[in-house]
Ligand SMILES: [Fe+2]
Ligand SMILES: [Fe+2]
């Protein structure tokens, strides 16, 4: 496993995070109706977790000698609350899988700090998925 492969995987994770930051920020602004205020609050709260994840990834890419490559998904979010939740749940679960893969790669390179951080970020995304399931 090459360092290049690890940096590419971290860059993919960075762009997933940046896409989520944009989506959650916009959805937190778009949601209306008093019955949807807890969902709105959830997006606004979780966006700060995703900023922390993105910052860690950008720092780590640079520490490993790579360059953070920014190309987030700018597809406008769904305007329907049920579709927002469905879309975000699928993405959070796919982020859990990607962080587990990165934790395995980090273990192979002997980078225990990165392995633990990837597991922690996997756990955060798994918690985000659970919060979304509560909103269905
Ligand atoms: Fe995240
Ligand atoms: Fe998340």
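Any read-out appearing in this document is the output of simple, stated calculations on the displayed coordinates, not a laboratory observation. Computed from a prediction, not measured in an experiment: that's the story for all the values here. Positions of Cβ are backbone-derived with ideal geometry, glycine not excepted, and every protein chain shown enters the neighbour counts.
Run the numbers for residue 101 and residue 38: contour at 0.36 nm per residue of separation, minus the present Cα-Cα distance, in nm.
Values: separation 63, 0.36 × 63 = 22.68 nm, distance 3.20 nm.
Once the chain is fully extended between residue 101 and residue 38, it gains 19.5 nm.
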- Query: Which angle between 0 and 90 degrees, to the nearest 10, do you get for helix 112-135 versus the longest principal axis of the chain when only C-alpha atoms count?
  - Reply: 10
- Query: How much length is gained on full extension from residue 25 to residue 75, taking 0.36 nm per residue of separation minus their Cα-Cα distance?
  - Reply: 16.7 nm
- Query: For the pair residue 94 and residue 8, how long in nm is the line joining their label points, each one 7 Å along Cα→Cβ?
  - Reply: 1.8
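Could you work out the relative contact order of the stretch 3-135, using alpha carbon pairs under 8 angstrom and six or more residues apart, expressed as a whole percent?
28
Go ahead and run the numbers for FRET between residue 86 and residue 59, Cβ-Cβ distance against an R0 of 35 Å, rounding to 0.05. Spell out each step's value before the answer.
Details: r = 32 Å, r/R0 = 0.92.
Using R0 = 35 Å, I get an efficiency of 0.60.
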- Message: Can you give me the angle between helix 3-30 and the longest principal axis of the chain, using Cα atoms only, in degrees from 0 to 90, rounded to the nearest 10?
- Response: 10
- Note on the structure: Computed over all unlike Cα pairs, the Kirkwood hydrodynamic radius of the chain in Å stands at 15.3
- Task: Quickly rank 104-113, 87-96, 29-38 as a protection proxy: mean count of other C-beta atoms within 10 Å, highest first.
- Result: 87-96, 104-113, 29-38
